[in-house]
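Peer 1: Sharing a structure here in structure tokens format.
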Amino acid sequence: MPRSTLYQLVASELRRAIYSGALRPGDQLPTEVELMGIHQVSRNTVRLALGELVNEGLITRTPRRGTVVRERRPLLIHPQRELQPQPEETKEAFAWAVSQEGRVPSQHIEVAIVQPAEEIASRLELADDEFAVVRRRLRFVDGQPYNTNDSYFPLSLVADSEIARPGDITRGANRVLTELGHRQVRMVDDIWARMPNTSETHRLQLQSGTPVVVYIRVGYDEGDTPVRVAVSVLPADKHLIRYELESR
């Protein structure tokens, strides 16, 4: 049998064991020698099979534990809920979603005034000489980096608000926009997948072969003026985006 077929068969059996739950997150896989004996194949065939599963993000290799099944507990995101009325005491959207799952949210925030790239400026409908406030956030769940979120706002709208100042906004920037008279009533989402760049791989501590989902949301106020552009980079193995649509 061709070697390529052999390693694919080994990878397929291990993949089936992971998806069925026979091998659970954190479980250690048999050693290379044990896999050679189980499947009656060469060491190189085993290494090719394991390499395929590493690239798929199903397993990871650690210096002391060997090869283990990766934790795959995605964060469930409901984009449509951002426009729904929320109680005054509700946390900002990310913290609320994480807390609802009994997990612990945290984030590192950097705030700056920038002349945004053309992609952002055009979405905000800014003139060439106009600036924006950007709130760059690296978000964590249970102490592990989960995603990045860079939110851009026209400086002319938010210059004197909490949005332009460092630090967390417990009630969320969306509520601040509402208080400023720019409640978002319409949102447009663009979503696509790609492989991460070097910076994203480092910041998000991504395993080899893990793709990311780029999620850009533009929020419009009642005058149909764009007031926010949020750019999120979501590791594909850590997020599930769920849209609920109703016919009216």
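Peer 1: For the chain, find the longest principal axis of its Cα atoms and tell me its angle to the long axis of helix 3-20, 0 to 90°, nearest 10.
Peer 2: With rounding to tens, the tilt is 60 degrees.
Peer 1: Something else now. DSSP beta bridges in the chain, what fraction antiparallel, as a percent rounded to 5?
Peer 2: Here the antiparallel bridges make up roughly 95 percent for the chain.
Peer 1: Now, a different point. What spacing in nm lies between the two simple spin-label points modelled at GLN115 and ARG24, each 7 Å away from Cα in the Cβ direction?
Peer 2: Roughly 5.7 nm, to one decimal.
Peer 1: Taking Cα centroids, how far is segment 222-247 from segment 152-170 in Å?
Peer 2: So the separation of the two Cα centres works out to 20 Å.
Peer 1: Turning to a different aspect of this structure: Percent relative contact order of segment 3-69, based on C-alpha pairs within less than 8 angstrom and at least six residues apart?
Peer 2: 41
Peer 1: Further, regarding this structure: Treating only the Cβ atoms of Lys and Arg (+1) and Asp and Glu (-1) as charged, compute the dipole magnitude of the chain about its Cα centre; round to the nearest 20 debye. Don't skip to the end; give the middle numbers.
Peer 2: Values: 32 positive and 34 negative charges, 287 e Å.
Taking the Cα centre of the chain as origin, the dipole is about 1380 debye.
Peer 1: Within segment 216-235, what residues put their amide N at less than 15 Å from the label point 7 Å along the Cα-to-Cβ vector of LEU83?
Peer 2: Within reach of a label on LEU83: 217-228.
Peer 1: Right, next: Suppose every K and R has +1 on its Cβ and every D and E has -1 on its Cβ; what is the size of the dipole of segment 3-69 about the Cα centre, in Debye to the nearest 20?
Peer 2: 140
Peer 1: Turning to a different aspect of this structure: Which of GLU32, GLU119 comes first, and how do the rest follow, when ranked by fewest Cβ neighbours within 10 Å?
Peer 2: On the way: GLU32 16, GLU119 10.
Lowest count first: GLU119, GLU32.
Peer 1: Under 13 Å from the Cβ of GLU110, count the other residues' Cβ atoms, weight Lys and Arg +1, Asp and Glu -1, and hand me the total.
Peer 2: +4
Peer 1: If amide H atoms are built 1.01 Å from N in the plane of the peptide, which residues on other chains or at least 5 residues away come under 5 Å of the amide H of TYR146?
Peer 2: When sequence neighbours closer than 5 places are left aside, the close amide H contacts are ARG139, PHE140, VAL141.
Peer 1: For the pair VAL33 and THR225, how long in nm is the line joining their label points, each one 7 Å along Cα→Cβ?
Peer 2: 7.2
Peer 1: Among HIS108, HIS239, rank each residue by its count of other Cβ atoms within 10 Å, from fewest to most, as a rough exposure measure.
Peer 2: HIS108, HIS239
Peer 1: Now, a different point. Shape of segment 58-211 from its Cα gyration tensor (a ≥ b ≥ c, root eigenvalues): rounded if a/c is under 1.5, otherwise prolate when a/b > b/c, or oblate?
Peer 2: On the way: a/c = 2.17, a/b = 1.55, b/c = 1.40.
The shape class here is prolate.
Peer 1: A follow-up question, please. Once fully extended, how much extra length lies between ASP128 and GLN40, figured as 0.36 nm per residue of separation less the alpha-carbon to alpha-carbon distance?
Peer 2: Length difference between fully extended and current span is 25.1 nm.
Peer 1: For ILE59, which sequence-distant residues (separation of 5 or more, or a different chain) have an amide H within less than 5 Å of its own amide H, given hydrogens modelled in the peptide plane?
Peer 2: It is VAL54, ARG70, by chain and number.
Peer 1: Would you please classify the overall shape of segment 3-69 from the alpha carbon gyration tensor, given that a ≥ b ≥ c denote the square roots of the eigenvalues, rounded means a/c under 1.5, and beyond that prolate means a/b larger than b/c while oblate covers the rest?
Peer 2: prolate
Peer 1: Describe numerically, in nm with one decimal, the distance between label points set 7 Å from Cα along Cα→Cβ at SER208 and at ASP160.
Peer 2: Computed distance between label sites SER208 and ASP160 equals 5.6 nm.
Peer 1: Still on this structure, please answer the following. Which Cα, out of VAL229, VAL214, GLY181, lies furthest along the positive dipole direction of segment 136-248 (beta carbon charges, K/R +1, D/E -1)?
Peer 2: VAL214
Computed from the coordinates by the stated procedures, all read-outs in this text should not be read as laboratory data. Just so you know, these numbers come straight off a predicted model, no measurement behind them. We place every Cβ from the backbone using ideal geometry, glycine too, and count neighbours over all the protein chains shown.
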